[in-house]
Structure formats: C-alpha cells, structure tokens
Amino acid sequence: MKYLIISDIHGSLPRLEKVLDFYEQNQCSLLCILGDILNYGPRNGLPEGLDPKGISERLNQFPGTIIAVRGNCDSEVDQMLLDFPILSDYTLITDNGKCLFLTHGHIYNENNQPKGKYDALIYGHTHLWKLEKKNGQVICNTGSITFPKGGNAPTFAVYENGTLSVHQLNGALLKSVSL
C-alpha cells in the first residue's frame, strides 16, 4: 500500500487540493492526516483559500481511506464536520512487518518519544520537515502544506514498501529513507 501523510492543513483548501491531486495521480491507498485540519490557529495568519467547510466536504469524499489524529488546533466541533475520526492523539499502522507511529507532534515527538517499539515516528506540528534514521529508527516530520517554517517549501510525506519520503507540494522529492 501507498500512504500519503500530511500535517497542518490549517484550513487552506487550495493547498489541500494540490495534495489530493498528488494522492489521486499516484494512486495512493490511504490518506494519513496528522492534525490541524480546519483551524488556522491563533499564531498563524489567515491561510490562502481559508475554507474549513470546503475542506470537510472535500475530505468526506474519501470514505474509508483516511486515518487522522488530533492536532493542537483540532476540536470536538471540527469532528462534527468530518466523517472520519480525528480525536485520537496517535495511531499505529503496521505494513509488511513495519510499524509506523503517527501523531501530531505536540505531545509525542523526537524529544518526547512514546513507549513501545515502532520503526518510524511520524509527526508534524513544528512546520519544519525532517527525515532521518537514528539507531535503526526513522524520525519524520512532514512539515506543513500551508504554513512551512524555516524558509522551507510546503511539504508532505509518502510511505510505500518500507520507504518513507518527503516531497514538496509540487511532488518533487526532497529525501527518502528506508525503514
């Protein structure tokens, strides 16, 4: 299976549409959303194409193919608009013997790792993409498709066949690592 992993949409429908184009063109099987879906947050400006209702309507067109976790800007009110659960702090995916720990990053991250065994810790929250392998474990921050920081381009991640990669919003590969 091929998983497209995004974080920090923050209400930008045009940015989400670009990611969904990649998702469909590359025949991804599952869309993993690592929080901060509809709300732009109190420390961010207004994103391009702010449209929380449009985002919820668009994402609800993917029944059964979205796994999402809660970000620090997500709420119970947001859940009322979405047809898939978003209120868990993390989720685990096992694919061909590899375990992926998916979370937003405000609770669990590389500096506060969860207990247990997993091959990759994948999160967002900081809006700074990162992909590295340390001591046999992959650490991936997907960055943000809407509010990238540190002079970075908008980014997302893809996992397929034991390889995790980070891409720019236009699909260009930035880096890949095998688990």
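Summary table
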quantity	calculated
Magnitude of the charge dipole, the range 37-112, Cβ model with Lys/Arg +1 and Asp/Glu -1, debye to 20	80
Gain on full stretching of the segment that runs from residue 83 to residue 175 - 0.36 nm per residue minus C-alpha separation	29.9 nm
Degrees, to the nearest 10: 13-25 long Cα axis against longest axis of the chain	50
Equivalent ellipsoid semi-axes, the range 33-106, via Cα gyration tensor eigenvalues times 5, rooted, Å	23, 15, 11
Segment residue 61-residue 43, length gained on full extension (0.36 nm per residue, minus Cα span)	3.5 nm
Share of alpha-carbon pairs per 10 Å distance bin for the range 1-74, given as whole %	20, 56, 22, 2
Accessible area in square angstrom per residue, the chain, 1.4 angstrom probe	45
Relative contact order (%) - criterion: Cα under 8 Å, at least six apart; region: the range 61-134	25
Loop-located GluC sites (Glu not before Pro) in the range 1-96, at most 16 other Cβ atoms within 10 Å (DSSP)	48
Alpha-carbon Rg with Dmax, taken over the range 94-148, Å	11.1, 34
Selection from 114, 148, 168, by position along the positive dipole direction of the chain (Cβ)	114
Stokes-Einstein D for the chain, Kirkwood Rh over Cα pairs, 10 °C, 1.306 mPa s (µm²/s)	100
Charged-residue dipole, Cβ positions (Lys, Arg, Asp, Glu), the chain about Cα centre, Debye nearest 20	600
Excluding exposed DSSP-loop trypsin sites (Lys or Arg not before Pro) (at most 16 other C-beta within 10 Å), longest clean stretch of the chain	44-114
Out-of-range pairs (alpha-carbon distance over 24 Å; input 2/133; 2/175; 18/53; 18/117; 115/175; 149/175)	18/117; 115/175
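The values are calculated or read from the model by the stated rules, or taken from the named source; none is laboratory data. Just so it is clear, the structure is predicted and the values come from calculations on it, not from any experiment. Please note: Cβ atoms are built from the backbone with ideal geometry, for glycine as well, and neighbour counts cover all protein chains shown. Quick note on the areas: whole protein, heavy atoms, side chains included, nothing else; ligands and nucleic acids left out. Shrake-Rupley method; radii C 1.70, N 1.55, O 1.52, S 1.80 Å.
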